[in-house]
Amino acid sequence: MTFGEQPAYLRVASDLREKIANGSLPPHARLPSQARIREEYGVSDTVALEARKVLMAEGLVEGRSGSGTYVRERPVPRRVFRSGNRPPTGANPFRQEQAEEGTRGTWESSSEQEPASAATAARLGVEPGERVMRTRYVYRDAGEAMMLSTSWEPLAVTGRTPVMLPEEGPLGGCGVVERMAAIDVVVDNVVEEVGARPGLAEELLTLGGVPGHVVLVLERTFYASGRAVETADVVVPADRYRIAYHLPVR
């Protein structure tokens, strides 16, 4: 193979990908069989199989037991909006996460105390094992799970206060900024970092994906005078959502 030349299985996958993109292989169409790919492209069974694996890993096709491999319908990505502006007083979790305008969602949450893992402790600037309040959210649009979030707050900040449980008490469901202000902690900075990775099995089970599907992960941390008071992971399916930012120009 000369320098820069693609392996045969990637060339085959690229051609099939193009056919899916231009509609020659529309949604729900059956992907050519391994034997058909071998004959049409003049490649081995191994190359044909690897090309199909590439398309499956990219989420373009899906296998149906006893039937074959079919082109998946590709949804038009929707947006999860992020903003540098403080959400309105009393904002619910969907408003906090800036879901697409017009989304009328519901959510479920559960909170429990746990010792901070090494990774969580590093993000919060505390010692591993220090007690934190972990809250997990599932956000739904028309009943379909569209976003997951897990947040951690150091109990050294919120413990034994009215805002210790993010979804309970007089400020239950309000934004982090407002909840912290109620205990005289002034949030003055937030850092967000967006990345992508294969979804975890439990995430994809909830979000309706299949093994190998990619998710976008937004790591967010709120700070008050340099001290982290909350950190969270927001997870959305990469094939269905985009993260869009509205940033003020100064």
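The values are calculated or read from the model by the stated rules, or taken from the named source; none is laboratory data. In this text, all values refer to a predicted model and were calculated from it rather than measured experimentally. Glycine also receives a Cβ, built like all others from the backbone with ideal geometry; neighbour counts cover every protein chain displayed. Heavy atoms of the whole protein, side chains included, go into the accessibility calculation; ligands, DNA and RNA do not. Shrake-Rupley method; radii C 1.70, N 1.55, O 1.52, S 1.80 Å.
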Subset of segment 127-175 that is in contact with a Pro (Cβ under 8 Å, 6 or more places away or on another chain) and of a type in the set (A, V, I, L, M, F, W, C) - its residue that is nearest to residue 106 (Cα to Cα): 146
Report, by residue number, each residue of segment 1-44 that is open to solvent by 70 Å² or more (accessible area, probe 1.4 Å), in a helix (DSSP H, G or I) and of a type in the set (Lys, Arg). 11, 17, 36, 38
Answer residue from segment 97-124, given it is open to solvent by less than 40 Å² (accessible area, probe 1.4 Å) and not in a strand (DSSP E or B) and is modelled with the lowest pLDDT among those: 98
In segment 202-243, how many are of a type outside the set (Phe, Trp, Tyr), in a strand (DSSP E or B) and open to solvent by 20 Å² or more (accessible area, probe 1.4 Å)? 7
I'm told residue 167 meets every condition in (1) acidic (Asp, Glu); (2) at pLDDT 95 or above; (3) surrounded by 16 or more Cβ atoms within 10 Å (Cβ to Cβ) except one. Can you identify the failing condition by its number? (2)
Quick check on segment 28-46. Is at least one of its residues under 24 Å from residue 193 (Cβ atoms) and at pLDDT below 95? no
If we scan segment 151-159, do we find a residue that is under 30 Å from residue 77 (Cα atoms), touching a residue at least 40 places away in the same chain (Cβ under 8 Å) and out of contact with any helix residue (DSSP H, G or I) (no Cβ under 9 Å at 6 or more places or on another chain)? no
Of the candidates 64, 74, the one satisfying the condition of being modelled with pLDDT under 80 and either among the charged types (D, E, K, R) or under 27 Å from residue 181 (Cα atoms) (or both) is 74
Hey, could you check segment 45-79 for residues that are open to solvent by less than 60 Å² (accessible area, probe 1.4 Å) and among the polar types (S, T, N, Q) and say which is nearest to residue 17 (Cα to Cα)? 69
